């Protein structure tokens with residue numbers, strides 16, 4: 001049994017589509033392996049299924065080993081991205097007191113969020129706060145100044 005060059009082109013295209021959907025920097029290397037295998041099959045170098053699968057595996061692993069860390073660095077996957085940046089600067093209300101150096105809860109847009117105090121000082125229940133930043137799924141807040149309330 002052997003695979004045609006068109007089969008490997010199809011595998012490469014499907015792997016690229018999967019990469020676009022996942023942005024995992026994994027499928028792009030499978031696409032490279034499939035594309036090289038398609039080229040070598042078309043040129044007549046890999047005529048047997050075993051040689052095609054071996055070529056696909058080796059090229060995929062080699063490109064992944066050689067280029068994955070550079071792709072991740074180039075596309076910025078190592079940079080910490082704050083999720084929910086649009087929450088910053090908005091007001092919320094403390095519904096469960098935030099103790100010194102601890103966690104409480106705030107109500108924001110009808111949902112309860114785990115909250116910590118920006119300056120690690122306690123914030124009483126019912127206090128209006130402003131969201132300063134997000135720390136994963138936790139909201140970091142500070143009490144509103146009197147003139148802002």
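The values are calculated or read from the model by the stated rules, or taken from the named source; none is laboratory data. Bear in mind that the values here come from a model prediction, so they are computed numbers and not experimental data. All Cβ positions, glycine included, derive from the backbone under ideal geometry; neighbour counts span all protein chains shown.
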For residue 24, are the conditions met, namely being at negative phi, loosely packed, with under 15 Cβ neighbours inside 10 Å and in the same structural domain as residue 69 (by TED's automatic domain parsing)?
yes
Go through the range 138-149 and give me each residue that's in contact (Cβ under 8 Å) with a residue 24 or more places away in the chain and surrounded by fewer than 19 Cβ atoms within 10 Å (Cβ to Cβ).
138, 140, 142, 144
Which residues, counting only those in the range 36-48, are crowded, with 20+ Cβ neighbours inside 10 Å and part of a helix (DSSP H, G or I)?
36, 37, 38, 41
Got at least one residue in the range 107-120 being part of a loop (DSSP other than H, G, I, E, B) and within 15 Å of residue 145 (Cα to Cα)?
yes
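So that you can scan it fast, the table gives a plain yes or no per residue for (1) surrounded by fewer than 17 Cβ atoms within 10 Å (Cβ to Cβ); (2) modelled with pLDDT of 90 or more; (3) in a loop (DSSP other than H, G, I, E, B):
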| site | (1), (2), (3) |
| --- | --- |
| 11 | no, yes, no |
| 14 | yes, yes, no |
| 31 | no, yes, no |
| 34 | no, yes, no |
| 100 | yes, yes, yes |
| 125 | yes, yes, yes |
